[in-house]
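Structure first, then comments.
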Amino acid sequence: MPSMPNAPHPFATLTPDFVLDALASVGLVGDGRLMALNSYENRVYLAHLEPGTPLADTHPAVVLKFYRPGRWRTEQIEEEHAFAHELMAAEVPAVGPLVIGGRTLHAHGGFAFSASPRRGGRSPELGDNETLEWIGRFLARLHIVGARRPFTHRPAVDMASHGTEPRNWLLTHGALPLEVERAWADISQEAIDLIAASALPSGTKGQNKAEPQGIATLRLHADCHPGNILWTPAELPGGGPHFVDLDDCRGGPAVQDLWMLLPGERAERQRALGALLDGYEQMREFDRRELALIEPLRTLRLIHYSAWIARRWDDPAFPAAFPDFGTPDYWHGQIDTLTDQIEAMQAPPLIA
């Protein structure tokens, strides 16, 4: 179980006064109303602007995002912002940061931060085929833009970054209780060996180029779960899905942006996948060989997710949000889940 240091976390300095001062540092005047929004990796606030001040007429409230120190380099964050603006220029419904003073990334008090328009919406109804087709069309449009050029600074979704490295980190940093460490080490290695035999890119060999097995990669949202798609009623201007939170955008195979939208049971996954691809292929061709990557990608996310929580344990938000993490019961659950994933990777892939 990771231990918590005595020193306060850097995010502890983000008081309301600090956030309003950061807003003022880019020429925006808050009216004092702040609301902390749900985010573990970064800190995000809804800030209302004083009427009659800069941007207040077009954006009465903005979303301020303070990036976790040390996670991304400046050029990596700027590349995320550039991708968001490239998507918006192509009329893909993505929410990107505002350009203020010629920049999208700003600094205040040791933090990098950005300000974005507030966009409302709810999670999409993934049980509805028409909704899934609509999302599929917009994902295809996102991928058309993503395939134009590779990322230069952002990493990729691959075996090295999402499997081997996080597994080794967990084992070398004492994140597992001794009573379950060997069992988890064995089952996670077995899972990684199976993934290594798949067509998933194994490391950073470049994007938009085929691996030896022929699977191409492109710029992705890469964290396209239902919480990062906001839906507004179709009858409203700009209604339908829009994509938020490109903080994890990476290179990888196109199916990475589809599989997190599939429900749990195989029959339901099959139905949802068919609807997504019905929409997707109206706009862009999909390589059916990528369907065999769904379970390997799901398995890598499990390993990466455990390492992510362990690495963030010094942030008080994480012990509060994941109270069972690091206990023997947690890791027994992970062992059982990885066992199920090994069976899933050995089963025939979904067809569409």
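For the reader, a short list of remarks on this structure follows.
- For SER123: the one exception among (1) surrounded by fewer than 16 Cβ atoms within 10 Å (Cβ to Cβ); (2) in contact with a helix residue (DSSP H, G or I) (Cβ under 6 Å, 6 or more places away or on another chain); (3) at pLDDT 95 or above: (3)
- Of residues in segment 126-157 being more than 23 Å from ARG219 (Cα to Cα) and surrounded by 14 or more Cβ atoms within 10 Å (Cβ to Cβ), the one modelled with the lowest pLDDT: LEU126
- Every residue from segment 178-216 that is modelled with pLDDT of 80 or more, open to solvent by less than 20 Å² (accessible area, probe 1.4 Å) and over 16 Å from GLU290 (Cβ atoms): VAL180, TRP184, ALA185, SER188, ALA191, ILE192
- Inter-residue pairs, beta-carbon under 8 Å, first aromatic (Phe, Trp, Tyr) and in segment 262-285, second open to solvent by less than 80 Å² (accessible area, probe 1.4 Å) and not in a helix (DSSP H, G or I), 6+ apart: TYR280/LEU258; TYR280/PHE286
- When LEU87, LEU20, LEU28 are checked against the criterion of being hydrophobic (A, V, I, L, M, F, W, C), open to solvent by less than 10 Å² (accessible area, probe 1.4 Å) and over 28 Å from HIS221 (Cα atoms), a single residue qualifies: LEU28.
- Among the residues of segment 255-270, none qualifies, meaning not one is within 18 Å of GLY146 (Cα to Cα), of a type outside the set (Lys, Arg) and at pLDDT below 95.
- Meets criteria (under 30 Å from GLU268 (Cβ atoms), of a type in the set (Val, Ile, Thr), touching a residue at least 12 places away in the same chain (Cβ under 8 Å) and not in a helix (DSSP H, G or I)) for VAL92: yes
- Complete set of residues in segment 49-78 that are in a helix (DSSP H, G or I) and open to solvent by less than 30 Å² (accessible area, probe 1.4 Å): GLN76, ILE77
- Number of the condition not met by SER39 [criteria: (1) loosely packed, with under 13 Cβ neighbours inside 10 Å; (2) outside any helix (DSSP H, G or I)]: (1)
- Filter result (surrounded by 20 or more Cβ atoms within 10 Å (Cβ to Cβ) and part of a strand (DSSP E or B)) within segment 95-116: PHE111, ALA112, PHE113, SER114, ALA115, SER116
- Residue ranges of helices (runs of 4 or more DSSP H) in segment 231-347 with at least 2 members of a type outside the set (Lys, Arg) and surrounded by 20 or more Cβ atoms within 10 Å (Cβ to Cβ): 266-280, 294-311, 328-346
- So PHE11, is it touching a residue at least 12 places away in the same chain (Cβ under 8 Å), closer than 20 Å to ARG311 by Cβ, over 17 Å from the mean Cα position of the chain (by Cα) and open to solvent by less than 20 Å² (accessible area, probe 1.4 Å): yes
The values are calculated or read from the model by the stated rules, or taken from the named source; none is laboratory data. In this text, all values refer to a predicted model and were calculated from it rather than measured experimentally. Reconstructed Cβ throughout: ideal geometry from the backbone, glycine too, with neighbour counts over all protein chains shown. Ligands, DNA and RNA are excluded from the accessible area calculation, which covers all protein heavy atoms including side chains. Shrake-Rupley method; radii C 1.70, N 1.55, O 1.52, S 1.80 Å.
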